Every structure is written in C-alpha cells, then in structure tokens.
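Just below is one structure, and these are the notes that go with it.
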Amino acid sequence: MKTALITGITGQDGSYLAEFLLEKGYKVYGLERRNSSRERRNITQILDKIELINGDLLDQASIIAAIKESNPDEIYNLAAQSFVGSSWGQPEYTGNVTALGALRVLEAIRQVNPKIKYYQASSSEMFGKVKTTPQDESTQLHPRSPYGVAKCFAHWITQNYRESYGMFCVSGILFNHESPRRGEEFVTRKVTKAVARIKYGKQKELRLGNLDAERDWGHARDYVEAMWLMMQQDKPEDFVIGTGISNSVRTMVETAFNHIGLNYKDYVVVDPKFFRPAEVEILLADASKAEKILNWKPKKTFKDLIIEMVDNDLKLEK
C-alpha cells in the first residue's frame, strides 16, 4: 500500500485528491494548520478514512515531523495563499507561504528521505502577461501578481532540487480549475453563489471587475487525476494541465444566469474596485504533452462545470 501526505488537504484540490487516492488504495495523511480545523467542510465525508497531522508551511520543524510521522511515498504540496486578489494585500505572507513553503517541504524531504516523490502545485498565473498563446511547458514566465511571482519561485526551486539532488520532483502547471468546493472569494464561485441568491431574492445585483478577461476553466476533479499520473511516471517532468478552451468572465456569467432563466445584463454591475493592479488578459493551455505522455484529457466541459456549481449553490441557498 502506498502512502501520501497532502498539504492543503482541506482545500478544493486537496479534498478531491484525497478522495482519488483513497479510491486507489492509498493511506492518506493530510497536513492541517492547528487553527484550520473549522475549515474541514470539504473533507467531512472522508475524515474517518484519513489521518490529519498538525503542521504549517511557515514552520520547518513541523514539516519535518509530519514527514517522519507519515513516512510517505509521495507528497503533494497543494497548500498556499492561493487567492490572487489577496496577494496584493498580503504580498509578504503570500511569498512566505506559497514560495518559501514549497522550499521548506523540499528541504524537509531532502533531509528526511530524498526518495520521497514530490508534487508542486504550479499555476498558469506564472505566465501572466503572456508572450504567446496558447501556453505550454516552454512558454516564458511573466507573472503579474505577488501570487504569480511566489508560484514562479516555488516552480523553479522544485526544478532546482530535481536537477541538483536527483530527487523525483514534478510541477503541474494547472490552469484555472473549479468545482462546488471552490472558495467563495474566487470569481466562479462568487458568480454561482450570487446567481443562486438572486434567484431566491436574497441579493439584487452582482458586482464584478473585468468581464473580458479570458481563462481556461476545467473541473478540479479531472485535474487531481493529472497530478497523480505525473507522480507515476518513470522520470520526473513538468506538465501543463488545462482544457485548451478559453472563455471570458462574461461568458461564464452568462452561462450561470441562463441556467436559471435570467439575463445577466439585468443584474451585473462592473465595479472598478475589482480590477487588478496588473491584469492578466488571457490564459489558454496547450496540454498536448500531458495528453501524449500521461494519456490525460479533461472529462467535464466548461458548461457542465458552471451548471454543477450553480445547482450546488441553489441547493445551499435554499
């Protein structure tokens, strides 16, 4: 039986990955910050099947202790300050958790057992002001937020440990992936929750920033499978993961409102306060390497994803 340790297990990706690994017969450990036990809503259904260890990416000693306790074959580093918007208000904290947190995990692996396989959650936000579209593994990085910069550090330090110490370290450069478990601060969930509240008369309008920004949106459940596949390869390599189809925020909003029979134009207000200091206009994945080597393809369509999220929020608001 294989053992995995997941940082960020209470988040969207961590919870889906934990479920996926349990189905594969893994013993699953999760690193949990001491004050985040109240955030277990994504893992309540599997709490009796996993083991949680107190630890924090800001604290090297706790990471080393967690690795010694769990003795994993694989570590998936999914913990981060993961909201781009917040990274402008908390740039130092974002760097400390998202960038240096990855370094602390890698260094802990090197010290405890360099044979442990390591997965780093890289992000399409590293591409930022894109030089070419679509983006693949060789596209130049030009991050446009403290979050994007922190993810670049984590990405490069992962590659550095792979090349310097011969460790099995991979980065999945994941494009936007959503689900009903997405945090309410993210634009997709903000929209689907507002749609449900408007439907039930709890909210009058929805205020958003740039409706013309385009993203490549997929389902988180599909993307955790790609993470696992990267870790099963004979040699460690980085992979771009996405659908290869981009949609604007406007299209996403329209899809969500159409699902409940309303015209988004009657409810959506563009508010300059939601524009980023430096905007990322378009992100679009070329995941052909993952398709060829990992035999991976997304199963859920963009429309399926948005409808699933709206239906879930309708249920919650009711």
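The values are calculated or read from the model by the stated rules, or taken from the named source; none is laboratory data. Being a predicted model, the structure only gives us computed values, none of them experimental. When we count neighbours, we look across all protein chains shown, and the Cβ atoms used for this are built from the backbone with ideal geometry, even at glycine. We work out accessible area using only protein heavy atoms, side chains counted, and drop any ligands, DNA or RNA first. Shrake-Rupley method; radii C 1.70, N 1.55, O 1.52, S 1.80 Å.
For the stretch 276-287, state whether one or more residues are over 18 Å from F127 (Cα atoms), open to solvent by 40 Å² or more (accessible area, probe 1.4 Å) and either in contact (Cβ under 8 Å) with a residue 60 or more places away in the chain or over 20 Å from the mean Cα position of the chain (by Cα) (or both). Spell out the reasoning first.
Residues of the stretch 276-287 over 18 Å from F127 (Cα atoms): none.
Scanning the stretch 276-287, I find no residue that is over 18 Å from F127 (Cα atoms), open to solvent by 40 Å² or more (accessible area, probe 1.4 Å) and either in contact (Cβ under 8 Å) with a residue 60 or more places away in the chain or over 20 Å from the mean Cα position of the chain (by Cα) (or both), so the answer is no.
For the stretch 1-14, enumerate the residues that are over 16 Å from the mean Cα position of the chain (by Cα) and either open to solvent by 10 Å² or more (accessible area, probe 1.4 Å) or within 17 Å of R182 (Cβ to Cβ) (or both). Write out each step before concluding.
Of the stretch 1-14, the ones over 16 Å from the mean Cα position of the chain (by Cα) are 1-5.
Listed by number, the residues that qualify are M1, K2, T3.
Quick check, is A102 aliphatic (A, V, I, L, M) and part of a loop (DSSP other than H, G, I, E, B)?
Against the criterion (aliphatic (A, V, I, L, M) and part of a loop (DSSP other than H, G, I, E, B)), A102 does not qualify.
Specify which of the listed residues (L57, L31, L17, L21) is part of a strand (DSSP E or B) and crowded, with 16+ Cβ neighbours inside 10 Å.
Step by step, each of L57, L31, L17, L21 is checked, and only L31 is part of a strand (DSSP E or B) and crowded, with 16+ Cβ neighbours inside 10 Å.
Which condition number in (1) under 19 Å from the mean Cα position of the chain (by Cα); (2) part of a helix (DSSP H, G or I) is the one that K297 fails?
(2)
G128 passes all but one of (1) modelled with pLDDT of 95 or more; (2) at positive phi; (3) within 18 Å of the chain's Cα centre (by Cα); (4) not basic (K, R); which number fails?
The failed condition is (1).
Of N258, N176, which residue is free of Cβ contacts under 8 Å to residues at least 60 places away in the same chain and within 14 Å of I306 (Cα to Cα)?
N258
Under 8 Å between Cβ atoms, which residue pairs at least 6 apart in sequence (or on different chains) link something in the stretch 112-132 that is within 15 Å of Y76 (Cβ to Cβ) and outside any loop (DSSP other than H, G, I, E, B) with a partner that is open to solvent by 50 Å² or more (accessible area, probe 1.4 Å) and not aliphatic (A, V, I, L, M)?
From the stretch 112-132, the pairs are K117/D73.
How many residues does the stretch 214-243 hold that are open to solvent by 20 Å² or more (accessible area, probe 1.4 Å) and under 12 Å from K299 (Cα atoms)?
Total meeting the criteria: 3.
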